[in-house]
1. Does E311 satisfy the condition of being acidic (D, E) and within 10 Å of ligand 1 (Cβ to nearest atom)?
2. Do you know which of the residues in the range 261-318 that are of a type in the set (S, T, Y) and either in a loop (DSSP other than H, G, I, E, B) or open to solvent by 30 Å² or more (accessible area, probe 1.4 Å) (or both) is farthest from R90 (Cα to Cα)?
3. Name the residue, out of E271, E239, that is within 27 Å of G57 (Cα to Cα) and of a type in the set (D, E).
4. Among the residues of the range 46-54, are any out of contact with any helix residue (DSSP H, G or I) (no Cβ under 6 Å at 6 or more places or on another chain), closer than 22 Å to L145 by Cα, open to solvent by less than 40 Å² (accessible area, probe 1.4 Å) and outside any loop (DSSP other than H, G, I, E, B)?
5. Any idea which of (1) under 20 Å from the mean Cα position of the chain (by Cα); (2) at pLDDT below 95; (3) among the hydrophobic types (A, V, I, L, M, F, W, C) is the one L169 doesn't satisfy?
6. Of the residues in the range 56-78, how many are more than 16 Å from ligand 2 (Cβ to nearest atom) and either within 21 Å of the chain's Cα centre (by Cα) or open to solvent by less than 90 Å² (accessible area, probe 1.4 Å) (or both)?
7. Could you check how many residues of the range 228-241 are within 24 Å of V162 (Cβ to Cβ) and surrounded by fewer than 17 Cβ atoms within 10 Å (Cβ to Cβ)?
8. Please enumerate the residues belonging to the range 104-118 that are of a type outside the set (K, R) and either within 14 Å of ligand 2 (Cβ to nearest atom) or open to solvent by 30 Å² or more (accessible area, probe 1.4 Å) (or both).
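The values are calculated or read from the model by the stated rules, or taken from the named source; none is laboratory data. Since we're looking at a predicted model, the values are computed, not measured. Heads up, the Cβs are rebuilt from the backbone with ideal geometry, glycines too, and the neighbour counts pull from every protein chain shown. Surface accessibility is based on the protein's heavy atoms, side chains included, excluding ligands, DNA and RNA. Shrake-Rupley method; radii C 1.70, N 1.55, O 1.52, S 1.80 Å.
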Amino acid sequence: MSKSLQAIRGMNDILPEQTPLWRYFEGTVARLLDNYGYKQIRMPIVEFTELFKRSIGEVTDIVEKEMYTFEDRNGDSLTLRPEGTAACVRAVLEHGITGGGQVQKLWYIGPMFRHERPQKGRYRQFHQIGLEVFNLDGPDIDAELIIMTWRLWGELGIRDAVKLELNSLGTSESRGRYREALVEYLSARHDKLDEDSQRRLKTNPLRVLDTKNADTQAVLVDAPKMADYLDDESRAHFEGLKARLDAVGIPYVFNPKLVRGLDYYSKTVFEWVTDKLGAQGTVCAGGRYDGLVEQMGGKPTPGVGFAMGIERLVLMLETLEQIPQEISRQVDVYLCAFGEEAELAGLALAERVRDELPNLRLQVNAGAGSFKSQFKKADKSGALYALILGDDEMAQQVVGFKPLRGQGEQQSIAWDALAAHLATCVVQG
Ligand code: ATP
Ligand code: MG
């Protein structure tokens, strides 16, 4: 195929054999969030570039080097969203739905775009399910977010493979004091830092903390600790969160170096990490951002949220072989009809059955074909039963009911009794 007809590097098709697992995952999350009282919001995929610069921060990896930014025909600078929080905050402000302290518990799902180096678990178009809560400032809601994800890992069968890391970044004031102390300490050891950290020291010093460079890590061992600079309120908030996680029995690890890539966090930050995916080990990450709404032109509005990477979680389900068997079968019953008259009768019969059993996954053979070829297709479809309409069945107004997976002999069922019969053997419950 010529180059121009290939997908863009790092942007993947999700093929029909993969979509059942995606839909199972997405459906499980959606049901869980519904049950906890969260409501879905849908934002555009493209926003003004300025939105991301203002919210995520000019000197973050995302804004500095990962955004897909372009000029549209009006000369406006637009960007494919790299994450969901900024657009969600814009939307709630634009529609006034967080005004007067109204609580909003929102979630969204969809593609995000970052120009990163594609590798396993890291793509240029990837998908997130994210969630944001506005106007609740206590640790109880931070705990709820973590509790929900904990339940999700349980439902998905991957709880033993993930670990919760927690930190508190304090308020912007306490973080400012800590930043000063850190800059003073690191500046005195400037020559021992790697190049990237030297740059970050100027632009975004807290990010030096999550360096992967061993020499810089050695320098950091004796650096001032964020925990020592926490203000009383942030400390109490953090203790409140931990007490709730203890009460529910959710294990966590305190990670003082967890700072997150985005500028807007305060107090709680957390990540769910796994060692099952190689280097791309963070499957869900989030935190509190009490200053963000104000920074974006709204009234002071506390917020907290997280986002999980769907590709990484789907990969985990595959790696850990936590794929429920029932999702791979997409057809319950396959109807074969032989001859024109039988085909017409079959169509009408199928619709009558669907009227009565709307959840039945009934596939009608298309493209005619011999007895042998239709049976082959019936078998390949994964159906549990084939329905057969040939000359004999037409004459008697019955349909042949043939188990395809070795559950007994073929029988004849009267057309009028077909739906009731299928209800007993396929769509129980
Ligand atoms: P990382 O440290 O892996 O780059 P991040 O801190 O940039 O992650 P967030 O912005 O917090 O990630 O996004 C939340 C989640 O979205 C991540 O934990 C991850 O599961 C997923 N994610 C982020 N970037 C990508 C990507 N390029 N490809 C696939 N999934 C991603
Ligand atoms: Mg990143």
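1. yes
2. By that ranking, first place goes to T282.
3. E271
4. Looking for residues that are out of contact with any helix residue (DSSP H, G or I) (no Cβ under 6 Å at 6 or more places or on another chain), closer than 22 Å to L145 by Cα, open to solvent by less than 40 Å² (accessible area, probe 1.4 Å) and outside any loop (DSSP other than H, G, I, E, B), one finds none in the range 46-54, hence no.
5. (1)
6. Qualifying residue count, the range 56-78: 7.
7. Qualifying residue count, the range 228-241: 2.
8. Matches in the range 104-118: Q104, I109, M112, F113, H115, E116, P118.
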